[in-house]
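J.: Structure below; questions to follow.
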Amino acid sequence: MAYVLGLDAGSTVVKAACFHTDGRLVSVASQRTPLLRSGAGRVEADPELCWQATCAVLREAVARSGVASDQIIGLGITAAMVGLWLLDENGAPLRPGINWEDSRSQPMLDRMIAAQPGLMSDIFAVSGSVMQQGCTLPLLATLAQEEPAIVARASAAVSYKDFLRARLTGVIAIDRTEAAVAPGDAAAQSGSDKIRRLFGLDHLAHLFPSPSDSTDHAGQLTAEAAAVTGLPVGLPVAVGAGDVPATVIGAGGLLAGSATAVLGTTCMVGRVSDGPVFTPVDLGLLFSLPGQMWYRAMVNVAGTLNLDWAMQLLAPDLVAAPDGFDRLNAEVAAVPVGARGVTYLPYLSESGIIAPVADPAARAQFVGLAPGHGRADLLRAVFEGVAFAIADLTDALALAPDAQVTLTGGGSNSHLWCDMIAQVLGRRIAVPEGSEFGARGAAMLAAVMAGAHPDIATASLGLRQLGARVHTPTPGQNAAWQEARGRFAAHRKALLGR
């Protein structure tokens, strides 16, 4: 029997998982990789810690699987998208990796927009995405001003997974899913000379390799990498894809018209299409998917991050308890719909939001607090606030009235949260069986590379046979939910100016 590995390097956790080629999970391992927040909007990762964590989880996932190394036919990679990793000619990092949350480029962007008010719309017209401060091109343009000596030494400007792939194979490459959101050309699923020119990066065009397809063979595991990962020398490695495309693939969503939501650290809802969709204009993101498909996404930026933050502040006893999440759900379920008048706006990110409006200054807040409110009310408000934000994102996509939404991410493990989302959206919510959808999507890219599937669409749709848990709206609760969402909308409009 053949197996494939998927490596999923998130912003703060690296995971590796072993799968059967049909997508059934065999084993998984994870390790935290904390971000460095040094102030002034700097959000960076230590490359050596990331590499050490990668080696550790690959070793552990294979050890837990009990699979013989000669049964593993490929490794696929995904990771948090954009940001910036500057590599030298040997693939070694020249400085800490910059995470997508980083906002150091905003002062430069403010100056550019003041000089050219239509700048963001011009970029959107090519990329289909509202550009964030943490995208690769604005970060590179900022470093070219702030750290010119380091930029001058660079041979490549890539993303997180590309750094890891270079360490594994010795080959520096990028894929189409990353090139198109750098920002780049969405229709061509590639980089854009026009947008690079806007940032004055013509002289640094050599730092961007020509993009490859995600299922292409990127290289083989080197002897050095094999020694520290425990994997066999020469193991084929796929080019891979960014974490959003990989999650869509891993959730079985690579079909035109299907809607997939991610409730992880980031919160987004998107619809797959067989052509690039640039509407609504100047709102959301347009991801390129392997197999000549696209994913039009509306993004709140912060998802489960809201709950993690709230629990650390309000319920540290639950964070430390083995049954903490069960007790959390019980506390939240005991509070009536509407959180007794407390509303939470879940915009907990240093980069603001890009849907339902684009506002880099948007920040999270509680509204309606009174002396009689307790922590359960506030925690309930966080659950509801994220659900309402998901509804805002879904409305912007104009989905078919009967379209169900496939929900992935850590938040989908909460049955209570899924029930709330189904109620607020008035739609069926399907949670695919299994876990580690990003890693599974990466593994399916490796399976296609190795010839286990004819193409990535076939591999992705085949995952639907593994089943799903379904949540449906409960009749008779609409009035209370409509009142709570109306209050949320009023406070959101007051905060965002709309």
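The values are calculated or read from the model by the stated rules, or taken from the named source; none is laboratory data. These figures come from a predicted structure and were not determined experimentally. With ideal geometry, Cβ positions are generated from the backbone for all residues, glycine too; neighbour counts draw on all protein chains shown.
J.: Out of the residues in region 45-77 meeting the condition of being hydroxyl-bearing (S, T, Y) and farther than 13 Å from A166 by Cα, tell me which one is modelled with the highest pLDDT.
T.: S65
J.: Within the group R165, R196, R153, which residue is surrounded by fewer than 21 Cβ atoms within 10 Å (Cβ to Cβ) and out of contact with any Pro (no Cβ under 6 Å at 6 or more places or on another chain)?
T.: R153
J.: How many residues are hydrophobic (A, V, I, L, M, F, W, C) and without any contact (Cβ under 8 Å) to a residue 24 or more places away in the chain when one looks only at region 133-167?
T.: Summing the residues that are hydrophobic (A, V, I, L, M, F, W, C) and without any contact (Cβ under 8 Å) to a residue 24 or more places away in the chain in region 133-167 gives 2.
This table checks each residue for (1) part of a helix (DSSP H, G or I); (2) acidic (D, E).
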position	(1), (2)
E44	no, yes
A53	yes, no
L58	yes, no
A63	yes, no
L75	no, no
M81	no, no
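J.: If the requirement is being modelled with pLDDT under 95 and either part of a loop (DSSP other than H, G, I, E, B) or crowded, with 24+ Cβ neighbours inside 10 Å (or both), which of these qualifies: V237, V301?
T.: Checking each option against the conditions leaves just V301.
J.: Another question about this same structure. Filter region 185-227 for residues that are in a helix (DSSP H, G or I) and within 30 Å of D70 (Cα to Cα) and give the result.
T.: A223, E224, A225, A226, A227
J.: Now for a separate question. Return the total of residues in region 240-261 being assigned to a helix (DSSP H, G or I) and closer than 21 Å to P276 by Cβ.
T.: Residues meeting the conditions: 7.
J.: Another one. Starting from region 446-459, keep only residues that are within 19 Å of G219 (Cα to Cα), then list their pairs with residues that are among the aromatic types (F, W, Y) whose Cβ atoms are within a distance under 9 Å, requiring at least 6 positions of separation or different chains.
T.: A447/F19
J.: With respect to V332, determine if the residue is modelled with pLDDT of 95 or more, under 27 Å from Q482 (Cα atoms) and either exposed (fewer than 15 other Cβ atoms within 10 Å of the Cβ) or of a type outside the set (D, E) (or both).
T.: When the stated conditions are applied, V332 passes them.
J.: So, in region 398-433, how many residues would count as being part of a loop (DSSP other than H, G, I, E, B), buried (at least 21 other Cβ atoms within 10 Å of the Cβ) and either among the polar types (S, T, N, Q) or free of Cβ contacts under 8 Å to residues at least 40 places away in the same chain (or both)?
T.: 0
J.: Listed residues S127, S38; which is more than 15 Å from A9 (Cβ to Cβ), crowded, with 24+ Cβ neighbours inside 10 Å and touching an Asp or Glu at 6+ places or on another chain (Cβ under 8 Å)?
T.: S127
J.: Please state which of the following conditions A182 fails to meet, knowing it meets all the rest: (1) under 21 Å from H203 (Cα atoms); (2) assigned to a helix (DSSP H, G or I).
T.: If we test A182 against (1) under 21 Å from H203 (Cα atoms); (2) assigned to a helix (DSSP H, G or I), just (2) comes out false.
J.: I would also like to ask the following. Counting only residues that are in contact with a Gly (Cβ under 8 Å, 6 or more places away or on another chain) and either of a type in the set (D, E) or under 22 Å from V57 (Cβ atoms) (or both), which one in region 178-193 is surrounded by the most Cβ atoms within 10 Å (Cβ to Cβ)?
T.: E178
J.: Looking only at residues in region 56-114 that are polar (S, T, N, Q) and under 20 Å from T169 (Cα atoms), which one is surrounded by the most Cβ atoms within 10 Å (Cβ to Cβ)?
T.: T78
J.: Taking the criterion of being surrounded by fewer than 24 Cβ atoms within 10 Å (Cβ to Cβ) and closer than 20 Å to K161 by Cβ, would at least one residue in region 256-264 satisfy it?
T.: Yes, the conditions are met somewhere in region 256-264.
J.: If a residue has to be within 18 Å of L286 (Cβ to Cβ) and without any contact (Cβ under 8 Å) to a residue 12 or more places away in the chain to count, how many in region 179-216 make the cut?
T.: 1
J.: Something else: Check L378 against each of (1) surrounded by fewer than 18 Cβ atoms within 10 Å (Cβ to Cβ); (2) farther than 15 Å from T266 by Cα; (3) touching a Phe, Trp or Tyr at 6+ places or on another chain (Cβ under 8 Å) and name the one condition it does not meet.
T.: For L378, the failing item is (1).
J.: Considering only helices (runs of 4 or more DSSP H) fully contained in region 437-498, which possess at least 2 residues that are touching a helix residue (DSSP H, G or I) at 6+ places or on another chain (Cβ under 6 Å) and closer than 18 Å to L7 by Cα?
T.: 437-449, 456-462
J.: Within the group L416, L466, which residue is in contact with an Asp or Glu (Cβ under 6 Å, 6 or more places away or on another chain) and farther than 20 Å from A297 by Cα?
T.: Only one candidate passes the filter, namely L466.
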